[in-house]
Structure formats: C-alpha cells, structure tokens
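Written out below as structure tokens is the structure these notes cover.
We did not get these values from a lab; they are worked out from the coordinates using the rules stated. Computed from a prediction, not measured in an experiment: that's the story for all the values here. So basically every Cβ, Gly included, is an ideal-geometry build from the backbone, and we count neighbours across all protein chains shown.
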Amino acid sequence: MNRRGPYGKSAAKREEILSAALDLISHHGYRGTSVKGIAESVGLSPAGVLHHFGTKERLFVEVLRRRDELDAARSRADVAAATTRSPLHPLDRYAALLDSNADVPGLVELYSALVVEAADPSHEAHDFFTERRVEGHHLLTRAVRRMQESGTLTSRIDAEVLATALHALGDGLQTLWLIDPDVDMGGTIRKLLQALRTDLLEEGAEP
C-alpha cells in the first residue's frame, strides 16, 4: 500500500536525503560533505535534514546502512545471474564487493573513519558497527564452512578463524587503499583464496 499523508511525505523526504547524502559522500568523502551541502541538494535547511535523523553521525550511519542494502541486492542479482556451469563462488562475492568500493572512495573514507570512532561504546555508530561485525562474521564463516565441506577450500584453518582474518583483511585493505590507490583490494583477497585452494590440492597430493 502507498503511504499517504504527513508520514508518507516524511518517509519520502528521508529517502531523498539518504540518496543525496550517499551520492555526495561517494564523490566528496566524509570530510568533504556537510549537512548544509546535503540540505541544499534536497531543498531543505540543515535543521530540516537533521529533523529526519537527529544528528550528522546518525545520518552517516544510515548512509552506510543503505550502502550495505544496495551491496546485498547487487550480490543477490549476481548470484541469480550466475549459471550452474559457472557458479559464483561465495567468497568471490566478498572480493567483488571490495572491487566495487574502489568506485566510491568517499564511502570507504566514511566507513574507515567511523569504524575507528565507533570503538567508543558511547559513539552513535557503535551499535551499528557491532551488529554489522556480528552479521558479517556469520556470513563469512558460513561461506568458508560451505567451501570447506565441499572440498574447495583448505580445512587446515578453522572456519571462524579464517572468517575473522578475511574480515580484518578487508577492512585493512580499505585503509591501505585510501593511502595508496594502487592497492588491489579485491585482487589481494582472490590471491589469498587461490593460495588456500592450492594448499588444499597439496594436502591431497601423493607424497
């Protein structure tokens, strides 16, 4: 059902603000995007923007949440487009995500800045990153475990340990990439996975 009345208008404006903020931060970065700039792009005052989110930090958290939703939708579409002859490897999607992040440096900057600040339990982004870490760890662990069970990834490393390492590597690669754009984030993940697959072949090799 279509939402009508003040609530529907408020929800629509909130979506418009999020879309504008996502676009501006993608191109101008965390520090290069102001509430004033976002407000001007949607025809509101800064106070009007904050009316929908409370604070700048909460707005930016919602931008990251929206980005996660878009990434998840793209991942589902990629899986649906894959064929049985050429299936999309679960962890290849993780590498592909890092590839796509290279196209939105501002969002990488925002994520890298907020994830450090959010280590403080009192920070408004703390709960978001805590929940995101738990969910991300669960998804990576499940992907690793499926590959180990199918015999396509070494089982020498515990699934949860390897998932934690991959998660930490992804975050670390993004920080390195901000300093040196020549860093191949997705490629690094793929090479690591290839090494772990090669290791599996060596495990079963004849002595």
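Take the Cβ-Cβ distance between LYS9 and SER41 as r, set R0 to 25 Å, and report the resulting FRET efficiency rounded to the nearest 0.05. Let's see the in-between values first.
On the way: r = 18 Å, r/R0 = 0.72.
For R0 = 25 Å, the calculated efficiency reads 0.90.
Could you work out [θ]222 nm for the chain from helices alone, using -39500 (n - 2.57) per DSSP H run of at least four and dividing by all its residues? Round to the nearest 500 deg cm²/dmol. Can you show the working numbers first?
On the way: 9 runs with 156 residues, N = 207.
Here the helix-only value at 222 nm equals -25500 deg cm²/dmol.
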Reachable aspartates and glutamates from LYS56, Cα under 18 Å, same-chain residues fewer than 8 places away excluded?
-> GLU15, GLU16, ASP23, GLU40, GLU109, GLU117, ASP120, GLU124, ASP127
Mean Kyte hydropathy of 0.0 or more with a Cα span along the axis of at least 27 Å, helices from DSSP in the chain = 159-179
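Mind sorting GLU124, GLU135, GLU16 by how few other Cβ atoms lie within 10 Å of their own Cβ, fewest first?
On the way: GLU124 18, GLU135 11, GLU16 15.
Exposure proxy ranking, most exposed first: GLU135, GLU16, GLU124.
Treat the count of other C-beta atoms within 10 Å as a stand-in for reagent exposure and order GLU69, GLU109 from fewest to most. Display every interim value, and only then the final one.
Working: GLU69 10, GLU109 21.
If I rank by nearby Cβ atoms, fewest first, I get GLU69, GLU109.
Work out how much length ASP158 to ALA77 would gain on full extension: take 0.36 nm times their residue separation and subtract the Cα-Cα distance, in nm to one decimal.
26.2 nm
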Pair VAL134, ARG66: separation of 7 Å Cα→Cβ label points (nm) = 2.6
Identify which of HIS138, HIS51, HIS28 has the largest mean-square fluctuation in a Gaussian network model of the chain, with springs joining Cα atoms closer than 10 Å.
-> HIS51
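Quick one, can you get me the convex hull of the C-alpha atoms of the chain expressed as volume per residue in Å³?
On the way: hull volume 31.7 nm³, N = 207.
So the per-residue hull volume is 153 Å³.
Can you put ARG58, ARG31 in order, fewest other beta carbons within 10 Å first? It would help to have the intermediate numbers written out before the result.
Numbers: ARG58 15, ARG31 11.
Final ranking by Cβ density, sparse to dense: ARG31, ARG58.
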